[in-house]
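Some notes on the structure that comes next.
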Amino acid sequence: MAVYLGIESSCDETAAAVVRDGRQVLSNCLLSQIETHKKFGGVVPEVAARQHLETINHVIAEAVAASGLGFSDLDGIAFTAGPGLIGTLLTGMMAAKSLAWAHDLPLIAVDHLLAHVAANFINTDLDPPFIALLVSGGHTQIIHFRSFSEGEILGKTLDDAAGEAYDKTARLLGLPYPGGATIDKLAQSGNPAAFKFPEGVVAGYNFSFSGLKTAVLRCVEKLDTPLPLEDLAASFQDAVTRVLVRKTLQAQAETGTPAIVLAGGVAANKTLRSLFDQLSPVPVYYPSLQFCTDNAAMVAAAAAFCGKKVDLACGVYSRKKD
Ligand code: KG4
Ligand code: ZN
């Protein structure tokens with residue numbers, strides 16, 4: 001296999017990393033913009049793109065230096081081609097193109113969602129087939145990977161993504177953006193049976209989370225302040241994780257795959273991880289916390305398994321085509 005420099009700029013993390021053979025991380029650098037966007041209650045795309053522009057060269061230089069290698073040791077420059085915010089993706093892509101051209105290296109386009117799944121290859125010997133539960137701020141999908149280039153989407157959210165449900169619920173509880181980690185932390189000391197929130201009944205392997213968020217809102221409207229934040233968080237988290245776990249386990253049973261893989265920012269969730277550990281009949285993989293949320297090591301890892309070699313005239317995409 002090969003050593004790739006990965007560049008990630010799909011949203012609000014500017015990141016670069018060098019990874020050998022898709023498994024061994026030689027360096028992993030990341031500059032988060034969360035503090036900038038917190039005051040707006042969410043990511044402002046134009047602000048994010050400008051901030052990537054200011055910092056991306058420094059982050060890349062740091063990642064290459066920290067890897068102990070030089071550009072001549074690399075086998076390619078990988079970048080996130082989408083889905084993501086168009087302006088931020090363009091910044092990462094232009095940095096990757098410039099470096100590929102200057103150092104005469106292959107340019108490799110990586111899909112952000114596959115990169116989240118590929119985070120599970122880091123420091124493991126995982127190989128397909130497996131069922132992946134991809135749960136991020138923008139996507140919620142159950143995917144059957146027969147090989148890494150052949151993923152069949154068995155189900156997805158019909159409205160909000162799981163991470164989006166966390167962020168919107170956090171906002172209505174008066175918690176800071178992004179809300180996933182904060183709700184998760186509060187939930188650990190709350191009672192999941194304190195409030196009964198609906199799971200969102202949808203056929204097959206699809207999901208719906210928008211009703212859940214509204215149910216939390218209606219409940220909060222009836223409560224006195226200070227709100228019982230721990231119990232609200234635990235009850236909300238119980239509803240989200242229960243349906244994610246149940247449908248993923250069903251998909252594993254139906255396909256007979258020998259492993260389950262969790263991917264995306266919500267895969268950092270404590271309750272989700274522990275429910276899978278308790279209930280899954282097959283081994284469950286989830287990335288270490290630093291590789292769950294957006295990072296560049298997963299981009300460089302994905303490049304080794306499913307990166308597409310592209311030319312300098314390539315573009316980016318803001319939405320996945322499915
Ligand atoms: O994968 P990611 O970094 O970015 C996207 O590609 O969207 O996911 C970010 C999402 C946010 O919605 C954030 O609230 C959520 O992941 N998240 C969590 C946790 N940590 C991050 N959700 C639940 N529990 C967590 N511990
Ligand atoms: Zn992501």
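What the table shows:
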{"read-out": "Exposure proxy order (Cβ contacts within 10 Å, fewest to most) of 27, 288", "value": "288, 27"}
{"read-out": "The chain: most fluctuating residue of 80, 36, 140 per GNM, C-alpha cutoff 10 Å", "value": "36"}
{"read-out": "Region 38-129: chymotrypsin sites (Phe, Trp or Tyr not before Pro) falling in loop per DSSP and having at most 16 other Cβ within 10 Å", "value": "40"}
{"read-out": "The chain: antiparallel DSSP beta bridges as a percent of all, rounded to 5", "value": "65"}
{"read-out": "Sparsely packed chymotrypsin sites (Phe, Trp or Tyr not before Pro) within region 248-322, loop by DSSP, other Cβ within 10 Å at most 15", "value": "317"}
{"read-out": "Convex hull volume per residue for region 127-287, taking Cα atoms only, in Å³", "value": "100"}
{"read-out": "Residues listed by number, region 160-187, amide nitrogen under 13 Å from residue 210 label point at 7 Å toward C-beta", "value": "160-161, 165"}
{"read-out": "Additional length obtainable on full extension of the chain from residue 188 to residue 254, 0.36 nm per residue less Cα span", "value": "20.6 nm"}
{"read-out": "Sequence-distant residues sharing a close amide H with residue 43 (under 5 Å, placed H)", "value": "none"}
{"read-out": "Separation of the residue 196 and residue 35 label points, Cα + 7 Å toward Cβ, nm", "value": "4.6"}
{"read-out": "Per-residue ³J(HN,Hα) for region 68-77, Karplus 6.51 cos²θ - 1.76 cosθ + 1.60, θ = phi - 60°, Hz, x for Gly and Pro", "value": "x, 10, x, 4, 5, 8, 7, 9, x, 10"}
{"read-out": "Sorted by Cβ neighbour density within 10 Å, fewest at the top, the residues 168, 156, 309", "value": "309, 156, 168"}
{"read-out": "Principal-axis tilt of helix 86-102 within the chain, Cα atoms, nearest 10 degrees", "value": "20"}
{"read-out": "Inter-probe distance in nm under a simple model that places probes 7 Å from Cα toward Cβ, at residue 312 and residue 23", "value": "3.5"}
{"read-out": "Computed Rg/Rh of the chain, alpha carbon atoms with Kirkwood Rh", "value": "0.98"}
{"read-out": "FRET efficiency estimate (nearest 0.05) - Cβ-Cβ, residue 104 to residue 280, R0 41 angstrom", "value": "0.35"}
{"read-out": "Reachable aspartates and glutamates, given that their alpha-carbon falls under 12 Å from the alpha-carbon of residue 247 and they are not under 8 places away in the same chain", "value": "199"}
{"read-out": "Anisotropy class of region 63-127 from Cα gyration tensor, a/c 1.5 cut", "value": "oblate"}
{"read-out": "Fewest-first ranking of 230, 8, 54, 13, using other Cβ atoms within 10 Å as the exposure measure", "value": "54, 230, 13, 8"}
{"read-out": "Sum of -39500 (n - 2.57) over DSSP H runs of 4+, divided by residues of the chain (222 nm, nearest 500)", "value": "-13000 deg cm²/dmol"}
{"read-out": "Principal-axis tilt of helix 229-255 within the chain, Cα atoms, nearest 10 degrees", "value": "70"}
{"read-out": "Residue 207 long-range amide H proximity, modeled H, under 5 Å", "value": "156, 157, 158"}
{"read-out": "Folded to 0 to 90 degrees: helix 45-67 orientation relative to the chain principal axis, Cα", "value": "60"}
{"read-out": "Cleavage-rule hits, trypsin sites (Lys or Arg not before Pro), region 33-68, DSSP coil, Cβ neighbours within 10 Å at most 11", "value": "39"}
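Quick note: the coordinates plus some simple rules give every number you see, no bench work behind them. Quantities reported herein were computed from a predicted structural model and do not represent experimental measurements. Note: ideal-geometry Cβ built from the backbone for every residue, glycine included; neighbour counts use all protein chains shown.
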